[in-house]
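Quick notes on the structure that follows.
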Amino acid sequence: MKTKMTLENLSEFSIPLSDHPLKWKFESEDIDELFNEFEDQIIALNSEASKFLWNFGFRKIL
């Protein structure tokens, strides 16, 4: 049975940052210091979770 995605369990749908297609945004030398400070707060989401969060935010705007 597939787990229902909610805001509370969104981190269960994460992937390692090294596997994320936008990882290059966090690999720049210019961002290293900032990244190190906030690394524990960054959660790379899989595609399904990203779409869920996008749609959740979009519904709040409307």
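The values are calculated or read from the model by the stated rules, or taken from the named source; none is laboratory data. The structure presented is a predicted model; accordingly, all values stated were derived computationally and were not measured. Note that each Cβ is placed from the backbone with ideal geometry, even for glycine, and that neighbours are counted across all protein chains shown. Side chains included, ligands, DNA and RNA excluded: accessible areas come from the protein's heavy atoms. Shrake-Rupley method; radii C 1.70, N 1.55, O 1.52, S 1.80 Å.
Go through (1) outside any loop (DSSP other than H, G, I, E, B); (2) surrounded by 11 or more Cβ atoms within 10 Å (Cβ to Cβ) for M5 and report which single condition fails.
M5 satisfies every listed condition except (1).
Could you look through segment 8-27, keep only residues that are within 22 Å of N55 (Cα to Cα) and assigned to a loop (DSSP other than H, G, I, E, B), and pick out the one that is modelled with the lowest pLDDT?
Out of the qualifying residues, it is L22.
In segment 48-62, which residue that is under 18 Å from S14 (Cβ atoms) and at pLDDT below 90 is surrounded by the fewest Cβ atoms within 10 Å (Cβ to Cβ)? Explain how you work it out, then say what you get.
Kept after step one, since they are under 18 Å from S14 (Cβ atoms), are these residues of segment 48-62: 48-57.
Narrowing further to those that are at pLDDT below 90: 56-57.
Numbers: F56: 13, G57: 9.
Among those residues, the one meeting the criterion is G57.
Of all residues in segment 28-47, how many are in a helix (DSSP H, G or I) and either touching a residue at least 40 places away in the same chain (Cβ under 8 Å) or open to solvent by less than 100 Å² (accessible area, probe 1.4 Å) (or both)? Don't jump to the end; show me each part of the working.
Let us first name the residues in segment 28-47 that are in a helix (DSSP H, G or I), namely 29-41, 47.
Next cut, either touching a residue at least 40 places away in the same chain (Cβ under 8 Å) or open to solvent by less than 100 Å² (accessible area, probe 1.4 Å) (or both) only: 31-32, 34-35, 38-39, 47.
Adding up the residues that qualify gives 7.
Report every pair of residues separated by at least 6 positions or lying on different chains whose Cβ atoms are under 9 Å apart, first residue within segment 1-23 and over 9 Å from L45 (Cα atoms), second open to solvent by 80 Å² or more (accessible area, probe 1.4 Å).
These pairs meet every condition: T3/E12; M5/E12; M5/E48.
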